[in-house]
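Let me begin by presenting the structure, written as structure tokens, before commenting on it.
The values are calculated or read from the model by the stated rules, or taken from the named source; none is laboratory data. Note that the structure is a prediction, hence the values are computed from the model and not measured. A quick note on method: Cβ atoms are made from the backbone with ideal geometry, for glycine too, and the neighbour counts reach across all protein chains shown. Keep in mind that these areas ignore ligands, DNA and RNA; they rest on the heavy atoms of the full protein, side chains included. Shrake-Rupley method; radii C 1.70, N 1.55, O 1.52, S 1.80 Å.
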Amino acid sequence: MTIRQILTEPDPQLRIKSKPIQKVDADIKKLMKDMLDTMYAAPGIGLAAVQIGVHKRVIVIDTAKEPEPNNPMYFINPEIVWTSQTKCTFEEGCLSLPKQFAEIERPEKCHVKYLDQNGKEQFLKAEGLLATCIQHEIDHLNGILFIDYLSKLKKSFILKKLLKAKKEDVSDHINF
Ligand code: NI
């Protein structure tokens, strides 16, 4: 089990657009295993490779709730090919924006084309929480964070809180 460090805003690496995967090989499988370990440990329901500093179009998601068994989903080169006109709103959080939450409106349903963990082409019709999670994670691959949908005022408020928390975190860890 390998838990990787999760990058947090305002790390500029989070804003880099991720590149498509050419071949699903052992390295990609190891990457997805590490991502899943990191996501479960955090804990979170979704993670994009860019969040651990790897700029490849890979995401992992598990929206199963206790006491349901884990249901890991792997998406390589995911592409949204359709979204519904109807919208829905969830309170979103993000492992790269620790302890920050905001209500974000997105299309309620989406259809996604992707490669699975075996490199096989797949098609998924998602709705509700899963659809929101997929859209949130694909945004990461394009360097977008959920705070980008907020007003300037709300966004700068969250960024200030994050910077303050980071400073406090650092001073906590200096031991002479
Ligand atoms: Ni996120």
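Listed values, structure above:
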quantity: Accessible surface of the chain, 1.4 Å probe, proportion on carbon and sulfur as whole %; calculated: 54
quantity: 24 Å Cα-Cα reach of Lys99 towards lysines, excluding residues that sit fewer than 8 places from it in its own chain; calculated: Lys65, Lys152, Lys154, Lys155, Lys160, Lys161, Lys164, Lys166, Lys167
quantity: Distance violations [Cα-Cα > 20 Å] among Lys19/Lys87; Lys17/Lys56; Lys23/Lys56; Lys17/Lys109; calculated: Lys19/Lys87; Lys17/Lys109
quantity: Radius 12 Å from Cβ of Arg4, net charge of other residues (Lys, Arg +1; Asp, Glu -1); calculated: 0
quantity: Efficiency of FRET between Lys23 and His111 - r from beta-carbon atoms, R0 35 angstrom, step 0.05; calculated: 0.90
quantity: Computed [θ] at 222 nm, deg cm²/dmol, the chain (DSSP H ≥ 4; -39,500 (n - 2.57); rounded to nearest 500); calculated: -9500 deg cm²/dmol
quantity: Relative contact order (percent, whole number), the chain, Cα cutoff 8 Å, 6+ residue spacing; calculated: 22
quantity: Label-point separation, Lys65 to Ser84 (7 Å along Cα→Cβ), nm; calculated: 1.8
quantity: Kirkwood estimate for region 64-112, i.e. one over the average of 1/r between Cα atoms, Å; calculated: 13.4
quantity: Solvent-accessible area per residue, Å², over the chain with all protein chains present [probe radius 1.4 Å]; calculated: 59
quantity: Region 1-94: C-alpha gyration tensor shape, a/c 1.5 cut-off, then a/b vs b/c; calculated: rounded
quantity: Förster radius 45 Å - calculated FRET efficiency between Leu124 and Leu150 (Cβ-Cβ, nearest 0.05); calculated: 0.95
quantity: Local electrostatic count at Lys87 - Lys and Arg +1, Asp and Glu -1, tallied over other residues with Cβ under 15 Å; calculated: -4
quantity: Rounded to the nearest 20 debye, dipole of the chain from Cβ charges on Lys, Arg, Asp, Glu; calculated: 560
quantity: Distant alpha-carbon pairs in the chain (separation over 19 angstrom), percent; calculated: 58
